[in-house]
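S.K.: Just dropping this structure here.
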Amino acid sequence: MPIVQFTRFKTDKPEEMIKIVRQAKKIFEKHGAEFLRLSRFHTGQWAGELLVATRYSNWEVYGKVQEAVANDPEFAQVQADGMKISQLQGRNIAVSPSYSREGA
């Protein structure tokens, strides 16, 4: 049952934020996330905001990655750098039901 966490950020320094998210990607994937992707909204109420999506194979892996990242001093610095130039706008978690892997 894959888990995807979506986190939105607002920044007026998107190029700097891209560099920071690249560092975060290495850390999250090192600790077991399947992937970390960055996108930018071009339309709608969130236009201009950045979206970071991370995927985990299941809740157990999600928990292990979250714990590992919370205790990773390199990530603490990456997070601090990101929060200097951006504001967290929201976070959501989506869970893929088991039937979605069967062609639904």
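The values are calculated or read from the model by the stated rules, or taken from the named source; none is laboratory data. Remember, predicted model here, so these are calculated numbers, not experimental data. Heads up, the Cβs are rebuilt from the backbone with ideal geometry, glycines too, and the neighbour counts pull from every protein chain shown. Side chains are part of the model used for accessible areas, which takes the heavy atoms of the whole protein and leaves out ligands, DNA and RNA. Shrake-Rupley method; radii C 1.70, N 1.55, O 1.52, S 1.80 Å.
S.K.: What is the residue count in the range 37-74 for residues that are of a type outside the set (S, T, N, Q) and closer than 17 Å to ILE93 by Cβ? Let's see the steps before the verdict.
M.R.: Here is the first cut: in the range 37-74, the ones of a type outside the set (S, T, N, Q) are 37-38, 40-42, 44, 46-53, 55-56, 59-65, 67-70, 72-74.
Now narrow it down to the ones that are closer than 17 Å to ILE93 by Cβ: 37, 51-53, 55-56, 59-65, 67, 69-70.
Qualifying residue count, the range 37-74: 16.
S.K.: While we're on this one: If you go through the range 63-75 one residue at a time, how many are more than 13 Å from LYS25 (Cβ to Cβ) and part of a helix (DSSP H, G or I)?
M.R.: Total meeting the criteria: 7.
Every residue, every condition in (1) surrounded by 13 or more Cβ atoms within 10 Å (Cβ to Cβ); (2) in contact (Cβ under 8 Å) with a residue 12 or more places away in the chain, yes or no:
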position: GLN5; (1), (2): yes, yes
position: ARG8; (1), (2): yes, yes
position: THR11; (1), (2): yes, yes
position: GLU15; (1), (2): no, no
position: ILE20; (1), (2): yes, yes
position: ALA24; (1), (2): yes, yes
position: GLU29; (1), (2): yes, no
position: GLU34; (1), (2): yes, yes
position: LEU38; (1), (2): yes, yes
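S.K.: When only residues in the range 76-88 that are open to solvent by 30 Å² or more (accessible area, probe 1.4 Å) and either part of a helix (DSSP H, G or I) or without any contact (Cβ under 8 Å) to a residue 40 or more places away in the chain (or both) count, which is nearest to LYS19 (Cα to Cα)?
M.R.: The initial filter retains those residues of the range 76-88 that are open to solvent by 30 Å² or more (accessible area, probe 1.4 Å), namely 76-77, 79-81, 83-84, 87-88.
Restricting the remaining residues to those that are either part of a helix (DSSP H, G or I) or without any contact (Cβ under 8 Å) to a residue 40 or more places away in the chain (or both) gives 76-77, 79-81, 83-84.
On the way: ALA76: 15, GLN77: 13, GLN79: 12, ALA80: 13, ASP81: 10, MET83: 13, LYS84: 13 Å.
Per the criteria, the residue is ASP81.
S.K.: Quick one: what pairs do we get from the range 54-68, first residue modelled with pLDDT of 95 or more and surrounded by 12 or more Cβ atoms within 10 Å (Cβ to Cβ), second part of a helix (DSSP H, G or I) and not charged (D, E, K, R), C-beta under 7 Å, 6+ apart or different chains?
M.R.: Listed by first residue and then by second, the contacts come to THR54/PHE28; TYR56/TYR62; TYR56/VAL65; VAL65/PHE28.
S.K.: Then there is this: Hey, could you check the range 40-53 for residues that are small (Gly, Ala, Ser) and open to solvent by less than 50 Å² (accessible area, probe 1.4 Å) and say which is modelled with the highest pLDDT?
M.R.: Kept after step one, since they are small (Gly, Ala, Ser), are these residues of the range 40-53: 44, 47-48, 53.
After this cut, where a residue has to be open to solvent by less than 50 Å² (accessible area, probe 1.4 Å) as well, the list is 48, 53.
On the way: GLY48: 94, ALA53: 97.
Residue satisfying both the conditions and the ranking: ALA53.
S.K.: If you don't mind, another one. Say we look at the range 14-62 and pick out the residues that are assigned to a loop (DSSP other than H, G, I, E, B) and among the acidic types (Asp, Glu); which of these is farthest from the chain's Cα centre (by Cα)?
M.R.: Here is the first cut: in the range 14-62, the ones assigned to a loop (DSSP other than H, G, I, E, B) are 31-34, 41-49, 57-58.
Going one step further and asking which of them are among the acidic types (Asp, Glu), we end up with 34, 49.
Details: GLU34: 11, GLU49: 13 Å.
Ranking the candidates gives GLU49 first.
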